[in-house]
Amino acid sequence: MRRLLALVFVTGLTACGSASPTPASFPLVVTQPYFEPLVVAWSVAYRATLPGPLPFELDTRTRSASIEAVEQGEAALVVTSGEPPVGWFATPVGRVGLAVVVHSDNPVRDLTMEELNDLFAGRAATWSAVGGREVPVQPVLPVPGEPAGEAFRQAVLRDSAPWPGTLLAPTAAAMVELVARDEGAIGILPTSAVTEDLRSVRIEGVLPGAATIADGSYPLTIALFAAAPREPGSPLREFLVWIQSSRDS
């Protein structure tokens, strides 16, 4: 991803004859695979406001590897969830909705939190248990340690263990692929990563959207923050200000 974004955001200008700094001179921002679609979307939109290339690079790593990269000076900023390291600068950058997604042919439109627990813990073996067809349920979760998955486990599974046959998806793209190819599959994705191949279901009667995430009526959300050992200067400060002003507008 890091190399791809450098290519997209830098060579677009050099092709027009404009001089631009080399990608190696840019500070590095790191995030996790399930937050990648949102951070990339922010970066693309921010790039459109600039006269020159995007003044930083992006990379995706696990949460622990992201924080380690910032601690060691390889990266300048991490966008993540959970608690920031003690003593670090941290600023909120948004709240992400976790959409519960199913195959497009699945007729189930609405689930309760308790039904979600039953589906992911294996107590509901087929979709008929929640008003669907007699099709085996195939849960799909992010790999252990992925912040999106950990937040879902805490909110939904609580003290229950995932069904032993649960499939694990290392990235949002892998989650889309696994759910889209199995009529009985159910997974989770940040709303920014949901594609037309899947369908989000209502949770407690509410669909995830900008309004329902902001007002708290949608029950599955994650707070994101940007963090570093000290407050970043230019150009990352301007990027963070832009994110927060865009979010609040």
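So, of the residues in the stretch 92-121 that are of a type in the set (Val, Ile, Thr) and more than 22 Å from Leu178 (Cβ to Cβ), which turns out to be surrounded by the most Cβ atoms within 10 Å (Cβ to Cβ)?
Val93
Among the residues of the stretch 188-207, which ones are more than 13 Å from the chain's Cα centre (by Cα) and closer than 18 Å to Met113 by Cα?
Selection gives Arg199, Ser200, Val201, Arg202, Ile203, Glu204, Gly205, Val206, Leu207.
Tell me, yes or no, whether the stretch 95-108 has at least one residue that is among the aliphatic types (A, V, I, L, M), within 23 Å of Pro37 (Cβ to Cβ), in contact (Cβ under 8 Å) with a residue 24 or more places away in the chain and touching a Phe, Trp or Tyr at 6+ places or on another chain (Cβ under 8 Å). First the steps, then the outcome.
In the first step, residues of the stretch 95-108 are kept if they are among the aliphatic types (A, V, I, L, M); the result is 96, 98-102, 108.
Within this subset, residues satisfying the condition of being within 23 Å of Pro37 (Cβ to Cβ) are 96, 98-102.
Then keep just the ones that are in contact (Cβ under 8 Å) with a residue 24 or more places away in the chain; that gives 96, 98-102.
Then keep just the ones that are touching a Phe, Trp or Tyr at 6+ places or on another chain (Cβ under 8 Å); that gives 96, 98.
The answer is yes; a qualifying residue exists.
What strands (runs of 3 or more DSSP E) lie completely within the stretch 153-230 and have 2 or more residues being surrounded by 21 or more Cβ atoms within 10 Å (Cβ to Cβ) and in contact with a strand residue (DSSP E or B) (Cβ under 9 Å, 6 or more places away or on another chain)?
Working: elements: 167-169, 185-190, 198-200, 221-228.
Of the strands (runs of 3 or more DSSP E) lying wholly inside the stretch 153-230, those with at least 2 residues that are surrounded by 21 or more Cβ atoms within 10 Å (Cβ to Cβ) and in contact with a strand residue (DSSP E or B) (Cβ under 9 Å, 6 or more places away or on another chain) span 185-190, 221-228.
Being on the phi > 0 side of the Ramachandran plot, at pLDDT below 95 and in contact with a strand residue (DSSP E or B) (Cβ under 9 Å, 6 or more places away or on another chain), is that true of even one residue in the stretch 93-111?
Our first condition is that a residue be on the phi > 0 side of the Ramachandran plot; within the stretch 93-111, this holds for 94.
Checking the rest, the ones that are also at pLDDT below 95 come to 94.
Applying the additional criterion that residues be in contact with a strand residue (DSSP E or B) (Cβ under 9 Å, 6 or more places away or on another chain) yields 94.
Yes - at least one qualifying residue is present in the stretch 93-111.
Those residues that are under 17 Å from the mean Cα position of the chain (by Cα) and modelled with pLDDT under 95, I need them from the stretch 156-170; list them, please.
Scanning the stretch 156-170 gives no hits.
The values are calculated or read from the model by the stated rules, or taken from the named source; none is laboratory data. Remember, predicted model here, so these are calculated numbers, not experimental data. Virtual Cβ from ideal backbone geometry, glycine too; neighbours counted across all protein chains shown.
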